[in-house]
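One structure is given below, represented as structure tokens, and several questions about it will come after.
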Amino acid sequence: MFPDREGRAYVLRRVMRRAIRHGHRLGIDEPFLHRCALKVVEEMGSIYPDLEERRSLIAEITQQEEERFRRTLKRGLDLLSENKEWGKDASGARLLPGKVAFVLYDTFGFPLDLQDVIGEEQGFRVDHDGFEKEMELARERSAGSKVGEAAVGAVYHALAGEIGKTVFTGYTTEKDSGTVRAFVRGGARADSLRAGDEGEIIVDRTPFYGESGGQVGDRGVITAGAARFVVTDTHKPVDGFWVHRGHVEAGEFKVGATVDLEVDHAARSATRRNHSATHLLHWALRQVVGPTAMQKGSLVGPDRLRFDYSGSKPLTDDEITRIEELVNDAVLENTAITTNEMAMDAAKASGAIGIFEEKYGDTVRVLTIGPSKELCGGTHAFRTGDIGSFRVLTESGLAAGVRRIEAATGKQVLAHQFKVERELREVATLLKAQPGTVADKAARAVERQKELEREVEALKKKLVSGGAGGDLTQDAKDVGGVRVLGKTVDLGDAKALRELADGLRDKMAPAVILLGSKAKDGKALLVCSVSKELTKRFQAGAIIRDAAAIVGGGGGGRPDFAQAGGSDPSKLDEAVNRVYSLVTPA
């Protein structure tokens, strides 16, 4: 379990954050909690072997959680110190309004209990009643859809209680016959479905897999003579109760009719390949990264494979290559994929792995796919060779301690390869290069572009500093022996703007320089440079904060130099002119 936003994981996060806060109050300025966690591993590892197995992951997640919370804590303390909205309670003590407390909680992730703790330290109280009112308003804003979902859910529960469980035959066949037991249309029970209607059909038995365990629901067709219902999705709103969602293409369906059900073979086959490949991917990850790479979730369908796992570091290129090699080696072995049903205890004893927090029955299905053995209720290929081939497409961070892999199998790998090769040929054509020399030519082109950009910035700097017919020093004002200059210039690069400000400061010393420019990303950019001998009178950080507020931003820096950004470049002239009112005679 990782610290998170809900349930037990949130309790863990609150406990950790309280400890971090106490450490912060004691003057511990660097992350420390991960060292405490490792001490627990050291002391308890012999009793709980999983702790030793996950030693590095525990340390990484704990340190990341602390680093994030320290940023949150600093931001929260800054917001509290800057807050201008205060009330008073019945005793006359300072009261943090519920609206402000809710913004701190909802927008900045600052827990209410931590606001209380800080309030005790700083002599204010949090308006809990006002906070709860804001929380209730937020719930009401998001409750509309949930009310509808609850009503629809009641329909399924009622039908499941009346009809009973659906017989699922999809492990052994993609075609079957059954009897229509009920219809749902627009979230309510219906007597029939006619041509043009969108709705859902419930049949007493079905080969269609209902979405669960990360596998999407099957699609296909249901027919009764000339009547035809196109199934676009199959789901299980109640455990053991299958519902086919789609539309009537022709004819009419009535309760009690005998129907033929046929799963889309191509889509099912592609889904099976992806699902079996997911198991091999999980196995390969554990070989390459280690046993800490545990499954956190997955999604498999006919056109994609997505796998979430516990990890805090991106996979290296070499690791991804090794994972692909391991999976493809298992595919080439072309071993039979076997399924065994057994008791949960026996499954665990056999070495099968799974997300044991999931709800399983007393008897579970254990899938052996090459070197992989996992609990799974989904549909799978018949042999590992059916997967065809495997390729990792992307690997990225998803949340704290959770990473995501997206991959392809079978013809999807070929499609990806064709796309990459086509793009490579297009790039080669643009660079006038042979495919084998594209990387080298691209590197040279990028370096040449950087050189040109540097030349352009240098020319701009020379132009605005007076080297090409203009002299910015002529616009400076003398304020009690201090040369003061506020100017907007055409330099989109922060480094070039900084160098220009420092150059003008040295040229006109003693001086205070405030320059503004529109950055390459379209935002406002400000820099302030102050001669060192003036920093006791004029602080660059204070000047930049004042000016930055005009362009809707903020910033800071040293007493002799500071920079800032803002969202409104249209007010740059007003912002730089602010320096003339901030620098006054001694």
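Could you name the lysines whose alpha carbon sits less than 21 Å from that of Lys495, not counting residues in the same chain fewer than 8 places away?
Result set, ordered by chain and number: Lys450, Lys460, Lys461, Lys462, Lys487, Lys507, Lys518, Lys520, Lys523, Lys532.
What is the magnitude of the charge dipole of the chain about its Cα centre, with +1 placed on the Cβ of each Lys and Arg, -1 on the Cβ of each Asp and Glu, and no other charges, expressed in debye to the nearest 20? Could the numbers behind the result be given before it?
Numbers: 85 positive and 88 negative charges, 292 e Å.
The calculated dipole for the chain is roughly 1400 debye.
With a sphere of radius 14 Å drawn around the Cβ of Lys165, what net charge do the other residues whose Cβ falls strictly inside it have (Lys, Arg +1; Asp, Glu -1)? Write down the numbers at each step before the final one.
Details: positive: Arg181, Arg205, Lys236; negative: Glu162, Asp204, Asp239.
Local net charge: 0.
Note down the accessible area of Tyr580, probe 1.4 Å, to the nearest 10 Å².
Only protein atoms counted, so the area is about 50 Å².
Report Leu414's accessible area, 1.4 Å probe, all protein chains in place, as a number in Å² to the nearest 10.
Leu414 has an accessible surface of roughly 100 Å² with all protein chains in place.
Okay, next question. Separation of region 29-79 and region 176-246 by C-alpha centroid, Å?
A separation of 48 Å, based on Cα centres.
Taking the Cα atoms only, what angle lies between the long axis of helix 265-288 and the longest principal axis of the chain, rounded to 10 degrees?
Taking Cα atoms only, the helix is inclined about 60 degrees.
Rounded, prolate or oblate: pick one for region 184-303, where a ≥ b ≥ c are the square roots of the eigenvalues of its C-alpha gyration tensor, a/c under 1.5 means rounded, and failing that, prolate if a/b is larger than b/c, else oblate.
Here region 184-303 falls in the prolate category.
Run the 1.4 Å probe and let me know the accessible area of Phe382, rounded to the nearest 10 Å².
About 130 Å², ignoring ligands and nucleic acids.
Further question on the same structure: Stokes-Einstein diffusion coefficient for region 507-586 at 25 °C in a medium of 0.890 mPa s, Rh from the Kirkwood formula over Cα pairs: what value in µm²/s?
Details: Rh = 12.2 Å.
Translational D for this selection: 201 µm²/s.
Among the aspartates and glutamates, which fall within straight-line cross-link reach of Lys411, defined as a Cα-Cα distance under 12 Å, with same-chain neighbours fewer than 8 residues apart omitted?
Once the sequence-local aspartates and glutamates are set aside, what remains near Lys411 is Asp303, Asp386.
Relative to the Cα centre, what is the charge dipole magnitude of region 180-313, using +1 at the beta carbon of each Lys and Arg, -1 at the beta carbon of each Asp and Glu, and rounding to the nearest 20 debye? Walk me through the numbers before you get to the answer.
Details: 18 positive and 16 negative charges, 115 e Å.
Value, rounded to 20: 560 debye.
Ranked by accessible surface with a 1.4 Å probe, highest first, in what order do Thr535, Thr271, Thr321, Thr429 come? Don't skip to the end; give the middle numbers.
Numbers: Thr535 25, Thr271 5, Thr321 65, Thr429 105 Å².
Order by accessible area, largest first: Thr429, Thr321, Thr535, Thr271.
Quote the relative contact order of the chain in percent (integer), defining contacts as alpha-carbon pairs under 8 Å separated by 6+ residues. List each step's numbers first, then the result.
Values: 1046 pairs, mean separation 40.2, N = 586.
After rounding, I find 7 percent.
Please give the calculated 222 nm ellipticity per residue for the chain, where each DSSP H segment of at least 4 residues contributes -39500 (n - 2.57) and the sum is spread over every residue; nearest 500 deg cm²/dmol? Before the final figure, lay out the partial values.
Details: 17 runs with 249 residues, N = 586.
Counting only the DSSP helices, I get -14000 deg cm²/dmol.
Compute the longest continuous run of the chain that contains no exposed GluC sites (Glu not before Pro); treat a site as exposed when its DSSP state is not H, G, I, E or B and it has at most 15 other Cβ atoms within 10 Å.
Details: sites that count: Glu6, Glu85, Glu357, Glu358.
It runs 86-356.
Then there's this: Under a plain spin-label model, where a point goes 7 Å from the Cα along Cα-to-Cβ, how far apart in nm are Phe108 and Lys450?
Those two pseudo-labels are separated by 3.8 nm.
Taking the Cβ of Ala542 as the center, what net charge do the other residues with Cβ under 13 Å away carry, scoring Lys and Arg +1 and Asp and Glu -1? Walk me through the intermediate numbers first.
Working: positive: Lys536, Arg537, Arg545, Arg558, Arg578; negative: Asp546, Asp560.
Net of charged neighbours comes to +3.
For region 26-86, what is the Kirkwood estimate of the hydrodynamic radius, computed as the reciprocal of the mean inverse distance between distinct Cα atoms, to one decimal in Å?
13.5
Below 8 Å, C-alpha to C-alpha, sequence gap of six or more: please give me the relative contact order for region 363-433 in percent.
Working: 58 pairs, mean separation 13.3, N = 71.
Value for region 363-433: 19 percent.
Sorted by accessible area (1.4 Å probe), largest first, how do Leu367, Leu112, Leu430 line up? Don't jump to the answer; show the numbers that get you there.
Working: Leu367 5, Leu112 30, Leu430 145 Å².
Ranking Leu367, Leu112, Leu430 by accessible area, largest first, yields Leu430, Leu112, Leu367.
Right, another one. When the dipole is taken about the Cα centre of region 258-328, and only Lys, Arg (+1) and Asp, Glu (-1) are charged at their Cβ, what size is it in debye, to the nearest 20?
Details: 9 positive and 10 negative charges, 52 e Å.
For region 258-328, the charge dipole is close to 240 debye.
Summing +1 for each Lys or Arg and -1 for each Asp or Glu, what net charge is found among the other residues whose Cβ lies under 13 Å from the Cβ of Lys419?
Working: positive: Arg391, Lys411, Arg422, Arg425; negative: Glu421, Glu423, Glu426.
Local net charge: +1.
Still on this structure: Which one of Ser276, Gly217, Phe108 is farthest out on the positive end of the charge dipole of the chain, using unit charges on Cβ (Lys, Arg +1; Asp, Glu -1) and the Cα centre as origin?
So the residue we want is Phe108.
Work out the charge dipole of the chain with +1 on the Cβ of Lys and Arg and -1 on the Cβ of Asp and Glu about the Cα centre, then indicate which of Ser531, Ser298, Leu261 is farthest towards its positive end.
Of Ser531, Ser298, Leu261, it is Ser531.
Given bins 10 angstrom wide, list per bin the percent of all Cα-Cα distances in the chain, short to long.
Result returned by the calculation: 3, 12, 15, 17, 19, 16, 11, 5, 2, 0.
The values are calculated or read from the model by the stated rules, or taken from the named source; none is laboratory data. Values in this document were obtained by computation on a predicted structure and should not be read as measured data. All Cβ positions, glycine included, derive from the backbone under ideal geometry; neighbour counts span all protein chains shown. SASA here: full protein model, heavy atoms, side chains in, ligands and nucleic acids out. Shrake-Rupley method; radii C 1.70, N 1.55, O 1.52, S 1.80 Å.
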